[in-house]
Amino acid sequence: MSLLLDGIISGILTGGVYALMASGLTLVFGVLEIINVAQGSLIVAGAFLSYALLTYLHINIFLGLILTMPFMFLVGYVVDRVFVRRLRVDRVMMSIMVTYGVALVIDGILTMIFSTSYVHLQTAALNQSFPLAGMRVPMIYVYVFLMSVVFLLALYALLYRTTFGQALRATAQNRNAARLIGIDVDQMSSITFGICAALAAAGGMGYGAISSFHPNSQFDLISRVLVIIVLGGMGNIGGALVASLLMLVIEDVVSTVWLPNWSTLIFFIVLAMTLALRPQGLFGSKEARQQ
Amino acid sequence: MTRRQAYNAAALGAALLLAALFPVLVPNGAFETVAIFTLIYIAMASAWNILGGYTGYVSLGHAAFFGVGAYAFTILCKAWNVPAGWVTFLMLLAAGAVAGILAIPFGWIALRARRHTFVVITIAYLFIFQLLAYNLTNLTNGSAGIGAPIPPWMGSSFNIPFFYVALALAVAVIVLSALIRRSRFGLSLLAIRDDEDRALGLGIPTGRLKLTAFVIAAIFIAMAGALYAYYVTFIYPQYAMNPLDDLSMALMAFLGGVGTVAGPVIGALIVEPSQQYFTIAFQSGLNLITYGGLFLVVILFIPRGLWPTIRDALKARAERVRAQSAVEPPAEATRLSAKGGSS
C-alpha cells in the first residue's frame, strides 16, 4: 500500500514537469497546426543551458531560468521565422520533416559542446528530503513541481486573461478567420513557437534536476511528450495536463509496485489501447474528416 | 513497344548491369560495405514508400519492423539450428513472415487514426518494440545483444554474397513497387492519399487496402533487417530498432520524390553514401549538423523531391523543342506528355 502511494506521489510530482513540456507542444499544434518534433531537442538544450550556467557560472538553476527562457524563446522564434513559416502546403507532414532537421542540428551542436556522456543538474536541494506518508520525498521534486505549477498558471493567465491570449486562441480556432479580422497570424505563430521553446527550457531544467540526460535523450522525450499530447487530444492544453499526470502516475505505480523495466512499455501500451477505442484521444474533438 | 519505352528499358538494363558489376569494377571492401548498406536502404525506402508515398500515411515506426526482422532472423536461426551459408538467406523469408503477421494487429490499430495521430502512434510502436527487445531478455538477451550465425566467407569474398542478395532484395522491392503503382490496387492507394473519404464513398475498401500496404512495407523492411543482422552478425536493441532509421527512410523518399517509384531509390543512393561519408569525415556532432542542415535545405527548397522536379523540367524542355518543330503533329505531343506522368 505504501508502495502504491509512493508511486502516485512521485508520478504527480514528475507529471508536472511533463505537463510543462507537453503544454508548449500542444499549444504549437493548436495555433500553427504543425507537429514540432524538435521539442525533445529544445528540452534537452534547455537542460544543457541550465547545466552550463550552473557548472561554469554557479548560477542557481531556478534563477538561471531568467536567462535561459528568453534565450530559448528567441531560438523558437527564429526557428519558426526561418523554417516553419515557409511551409504552405501539407504543413503537418512537412513540419515533421523540417523540425526533425532542426532537432538533428541542435543535437549535433550539443554533442560537439557537451559530448555524449550523461550529466545531471547537481543541487543542494537534491540531497534534502522530507517525510510524507511513510516515505521520503526529495525536496527537488517538490520545487520542480511548484515551478511547473507557477508556469502553467502563468500560461493560463496569458491565454485567458489578456488580449494577446484572445488573439492567440482566435488563431488556434481558425487561422483564416483570424487573418480576416486583422490578427497578424504569422507573428502569432512565431511568438507561439517561442513560448513553446521557453516552456521547453523550463521543462528541460525540471527534467534535468530529477533525472540525468545527454543529447540523445531527445528521442525518449519527444516520443513521451507526443504520446501525452495525442492522449490528451492534440491542441488541448487541459487534456495534456491530465494526460501527463495520468501517464506518469501509471508509469511510476507500475515501476514501484511491479517492475521498473516494464513501466515505460505500459506508457505506450496505454496509448495504443486508448487510441484503438478513441482515435481522437481522451479529450480531443473528432478529427475533421477532410484532411 | 514505343521508342520511349525501349529507351527506358535500355536505361534500366544498363543501370542493373552496372550495379551487378559493381564488386568487379570496384573491388574494395569499404566501398562494397557502403554499397551493401545503400542497397538495403533502397529496399527499405522503396518498401516504406508503398505505404508512406502511395497512401500518404507517413509512418515513423516501420524501423520497428526492421528490428523485428533482425531479431526474428537471429532467434529463428538459433532455434532451428540453421547452418551459416547461402541457405541462411532463405531465413529472410521467415523474418518477413513474422513481421507481416505482427504488422496486422499493429497496423489495424494505427490505421484507425489519420494523419498526425497516425504518425505519433507509429513513433510509439518503435519504442514499444525497442523496449520489448531490451526487456524480453530470455528471447533477445536484452542490451547485451545477440549473435546471428557467423557467415563462412572470408576475406575479400566476404561481401560478395551479401551484395548480390541485397541487390536482389532491392530489385524485388522496386519491381513490386512499380507493379503496385500501375495496378488497380496502387490506384486505390493513390485515391486514399488524395481524398480518403471520397475513395471510401466510391466503394474502395480503404481500410483493407491501407492495412495491406502497411503489411507489405513491414514485410520487406523486416527482410532488410534480417539481411542487416546476418551481415553485421551481432544486433543490439538500440541499433536494430533505431529512430534514425525511421527518419532516414522518410528522408530518402522525400528527397527523391515521395510517391514515385524512382524517388526513394534516388534518395537512398544520395543519402546513405553521404551519411557514411559524414560519419567518417567529420567529428561526432558536426556530422549531425551537416546531415540535419542538408535535410532542411532539401525540404525547404525542393519540397516535391528531386525526381519529380527534374522530370518536369525535362518534360517542359522537350515540349518546348517539340513546339518549335512544326513537323510533329500537336496531337502526338499531348499524348506523349500525358503518358510521361505515369511512372
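Observations
- Electrostatic dipole magnitude of the protein assembly as shown [Cβ: Lys, Arg +1; Asp, Glu -1; Cα centre; debye, to 20]: 1660
- Whole-number percent relative contact order across the range B:28-243, with pairs defined as alpha carbons under 8 Å at least 6 apart: 46
- For the range A:80-164: rounded, prolate or oblate by the Cα gyration tensor [a/c cutoff 1.5]: oblate
- Placing unit charges on the Cβ atoms of the charged side chains and taking the dipole of the range B:28-243 about its Cα centre, the candidate lying farthest along the positive direction among B:Thr233, B:Leu131, B:Leu209 is B:Leu209.
- Between the range B:92-124 and the range A:9-74, the C-alpha centres lie 32 angstrom from each other.
- Scaled to the globular estimate 2.2 N^0.38 Å, the Cα spread of the protein assembly as shown, given as radius of gyration, is 1.00.
- Centre separation in Å (Cα based) which lies between the range A:173-251 and the range B:228-281: 29
- Ranked B:Cys77, A:Cys196, criterion: other C-beta atoms within 10 Å, fewest first: B:Cys77, A:Cys196
- In degrees, nearest ten, helix A:217-232 long axis to first principal axis of chain A (Cα): 70
- In this rough spin-label picture, where each label sits 7 Å from Cα along the Cβ direction, the A:Asp220-A:Met135 distance is 1.9 nm.
- Against chain A, whose longest principal axis is taken from its Cα atoms, helix A:237-257 shows a tilt of about 30°.
- For the residues B:Leu111, B:Leu16, B:Leu255, a GNM of chain B with alpha-carbon springs under 10 Å puts the largest fluctuation on B:Leu16.
- If you plug the beta carbon distance of A:Leu180 and B:Ile160 into 1/(1 + (r/R0)^6) with R0 = 60 Å, you get a FRET efficiency near 0.35.
- Footprinting exposure proxy for B:Asp246, B:Asp195, A:Asp220 (fewest neighbouring C-beta atoms within 10 Å first): B:Asp195, A:Asp220, B:Asp246
- Dipole of the range A:19-215 [Lys/Arg +1, Asp/Glu -1 at C-beta], most positive-end residue of A:Val185, A:Ser95, A:Val78: A:Val185
- Site pair A:Val78 and A:Asn60 shows an inter-label distance of 3.0 nm when each label is modelled 7 Å from Cα along Cα→Cβ.
- Comparing B:Tyr230, B:Tyr291, B:Tyr54 in a Gaussian network model of chain B where C-alpha atoms under 10 Å apart are linked, the largest mean-square fluctuation is found at B:Tyr291.
- Cα gyration tensor, the range B:227-299 - rounded (a/c under 1.5), prolate or oblate: oblate
- The range B:176-317: C-alpha gyration tensor shape, a/c 1.5 cut-off, then a/b vs b/c: oblate
- Cα-based Rg / Dmax (Å) for the range A:19-215: 17.8, 59
- Taking label points 7 Å from Cα along the Cα-to-Cβ direction, A:Leu259 and B:Arg208 give a separation of 3.9 nm.
- Extent along principal axes [Cα atoms of the range B:135-214; Å; largest to smallest]: 57, 35, 14
- Once backbone amide H atoms are built at 1.01 Å from N, A:Gly233 has A:Leu282, A:Phe283, A:Gly284 as its partners under 5 Å, excluding neighbours fewer than 5 places away on the same chain.
- Computed FRET value (nearest 0.05) for B:Leu187 with A:Val89, which takes r as the C-beta separation and R₀ as 22 Å: 0.45
- Radius ratio Rg over Rh of the range B:28-243, counting only Cα atoms, Kirkwood formula for Rh: 1.00
- Between helix A:139-161 and chain A: long-axis angle, C-alpha atoms, 0 to 90°, nearest 10: 20
Bear in mind these aren't lab numbers, they're just calculated from the coordinates by the rules spelled out. Everything numeric in this text was worked out from a predicted model, so none of it was measured. Backbone-built Cβ (ideal geometry, glycine too); neighbour counts: all protein chains shown.
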